[in-house]
Each structure stands twice: as structure tokens, then as C-alpha cells.
């Protein structure tokens, strides 16, 4: 018997594999001991040089800090104090520091802030919830070379010093998170996000691809137009321990971070598997199916044609996007989803249905979650009540099974 531990929401669960069945567990590559690359003194020196060039009274300088919403596992309790202390040492008044929640196209959820951000800061600083539909608080910055219209949060753009905080990890179509993405997408208008995400149809818009990724390079162009000055980004291991931290320009941060993230999370495999068991990685990565879907893209890389992917994701907030849910329910065949999506005007939310349908083209998808089984079936997926019984029913002695406990950030590559 094998015991496979996986994260399910905020829990750790065990999947017991009965009988003489072999399972290959695919984990991120082993990495050296944590190496924190910055200190408060380093931040202070960089910011002091920048502020001196502004030629403004210190009390008149407005600082905008972009942070992710609850769907991103950023360790603010570790990253924020050195930055805030550095600003304080430089004499920036608390009232001049504004935090912008980079919701992107996600729904605003101000109540969730105290669940993932430092509570002591909530009563000291001003927080703004970005709304991608609020046209009055968007500024038009032109277009990218790929004709993406650039509309960005106006209040953030007018800040004298603009900083984004986030983490760098693989992203299923933007290549990697981090860098400009927090602002270029998180603080963008819906027209910007929609036009950019339409590029996921282009070749190269895939996990762990940055420099040749059309969608990601569009993000870089958007980001440069926002005049974002600095990023405070970290790289974490699978246990959310900070391994590396960088404070520099957005482009420099990505140049430094990408090789490290690739060495950690891009895993070469020798064969395809009949069954791939994948956990999205627990909360917040499996907060809803809209987020947990990312693990399916990665799992499909090593799943044999007509093989089965079992997704383990609690989805405490169920589907997570009504447009996605209503769109995919119109179809009974994933091929029809793909055909309709590719000929219809691009709409955010529908792209998740397309990405799931692309996996369903060659694989079966089963899901163990808290979502009503009847709803799961309408999403063209197979609901699983007991994952152990499910695996027992499809596994034979020679069935090749892989287990990916950190499915959203592990990028398995199948090669001969």
C-alpha cells in the first residue's frame, strides 16, 4: 500500500493506493538552503537614490504599492516589514503610502484582506480595491505592438514611486508570475486584460516560457507603459519557504528569478502516464475551479493520450466565475467548446473553458472536490466521491501512474 499526501484546501489529506501498484511521485527539484538576497538596508539605498532624483519634498511624495489579491500565495508578513521600514526611515509619511489590491478581473473582496495581509497595517495605511470596470479611474496609455489597449489604474499611475510585491513561479500561459504582471494585469482595465489574454491562443503562450511567449511579452510592454519602478519579488519552495528575494527593476527581477524558478520547478520525465493524480497545491491555489484549472494544464504534459487526470482540489468557493460556468455548460463535447471559442469574440472567463476543453481533447478529467457532482458533470468533468475507490477501479498492475502533489507550480516535461 502507498500513502500519497496532498494538500486539499487548508488540510493535508492522504490518498491510499491499494495493491501492487507503482506510483511515480513528481516533485520540484531539490534546491539549496534558503538564500535571502536582500535586507532593509539594500532597499533603503535603492529607494534613497531614486527619491533624490525626484527633486520633491519628502512629505509630498506619494508611494503606490501594488499587492495581489487572496488568490496568490504571497508571504506579505515576510516581505512587507523591510519595505515599509525602509520608507519610514526615508521619511515618507504613512498617509502618503497607498496600497492597491491588484484584483485584475477577479471580484473585489475587501473582507478577505485581514486573512492574508498584516492586520497591523490595515489600520495604518490606505487600501484601494482595483476595479477593472471602473472606467473613471483608468488612464489610457496607448497600445502595445500587439494592439493591446493599455488602461491602467489612474491613481496608481500618478504615484511618484510605484512598487509591486509578488512571487515568481510558473504560470500556465503567462510563463511566470511576478515582475510587471502584478500591475500590467492586476491593475489593468478589462479591455486590457481581455486583449492580452486572447494571446493565449498564440504558440508559445505556455508554462515556463518567458522570452518567446507572446502573451508574456505583451505584459512586459504593458508594464513598461505603467512606469512601474521597482518589484519586491520572492521565490518560494513547495512548502512556501522563501528561498530567494529580489528588490530591483521589474525586468531585472525576472532576469534574476527565472533561471532559479526553472531549476526548481521544471522537471524532465522519461515517459507518459496512463493516470496522473494531481493536487492543485491546496489553498489558495484550489480556492475555486477557476484557479485550480492551472494544475490540469501541467498534468496534461505527461498524461498519455486517452489517459486519465484526477484533480484533487477542494474549491471551497466552488467554480469561481459565472461566465466560465455558464459558457461551458452550453456544450456536451469539448471539441465544440474549442471550435466555438476560437471563432467567437474573446471573453474573459470563457478562456478557462477553452483551456479545460484542450485537455479534454486528449484526456479524461475526474475531480475530487466540494463542488456539487451534478454541476461537475455539466462542466464536462467526472465527479469523484472517493478518490481511493476511483483509482482502485481504473488501476491495473501495469498501469503507469504519476502523482504531482504541487500541480500548479510543477512543470513536468515528457521526453524520450
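The values are calculated or read from the model by the stated rules, or taken from the named source; none is laboratory data. Just so it is clear, the structure is predicted and the values come from calculations on it, not from any experiment. Virtual Cβ from ideal backbone geometry, glycine too; neighbours counted across all protein chains shown.
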Considering only residues that are under 14 Å from the mean Cα position of the chain (by Cα) and more than 29 Å from residue 61 (Cα to Cα), which ones fall in segment 147-176?
169, 170, 171, 172, 173, 174, 175, 176
For segment 150-173, give me each residue that is in a loop (DSSP other than H, G, I, E, B) and at pLDDT below 95.
169, 172, 173
If we keep just the residues of segment 311-348 that are without any contact (Cβ under 8 Å) to a residue 40 or more places away in the chain and in contact with a helix residue (DSSP H, G or I) (Cβ under 7 Å, 6 or more places away or on another chain), which is nearest to residue 5 (Cα to Cα)?
320
Condition check for residue 294: in a loop (DSSP other than H, G, I, E, B) and either at positive phi or out of contact with any strand residue (DSSP E or B) (no Cβ under 7 Å at 6 or more places or on another chain) (or both):
no
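Can you go through 323, 375 and tell me which one is part of a helix (DSSP H, G or I) and more than 23 Å from residue 9 (Cα to Cα)?
Values: 375 fails: more than 23 Å from residue 9 (Cα to Cα).
The unique qualifying residue is 323.
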Within segment 359-370, is there a residue that is assigned to a helix (DSSP H, G or I) and within 21 Å of residue 299 (Cα to Cα)?
yes
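Taking segment 86-120, which residues are in a helix (DSSP H, G or I) and without any contact (Cβ under 8 Å) to a residue 12 or more places away in the chain? Steps first, please.
We begin by selecting, within segment 86-120, every residue in a helix (DSSP H, G or I); these are 86-89, 94-96, 110-116, 119-120.
The answer is 88, 111, 114, 119, 120.
Based on what the data block shows, is residue 263 touching a helix residue (DSSP H, G or I) at 6+ places or on another chain (Cβ under 7 Å), closer than 24 Å to residue 24 by Cα and touching a residue at least 40 places away in the same chain (Cβ under 8 Å)? Can you show your working first?
Working: touching a helix residue (DSSP H, G or I) at 6+ places or on another chain (Cβ under 7 Å): no; closer than 24 Å to residue 24 by Cα: yes; touching a residue at least 40 places away in the same chain (Cβ under 8 Å): yes.
In short, no.
How many of the residues making up segment 244-280 are closer than 30 Å to residue 2 by Cα, over 18 Å from the mean Cα position of the chain (by Cα) and outside any loop (DSSP other than H, G, I, E, B)?
Filtering segment 244-280 for residues closer than 30 Å to residue 2 by Cα gives 261-280.
If we keep only those that are over 18 Å from the mean Cα position of the chain (by Cα) as well, we get 263, 267-277.
With the extra rule that they be outside any loop (DSSP other than H, G, I, E, B), the set shrinks to 263, 267-269, 273-277.
Residues meeting the conditions: 9.
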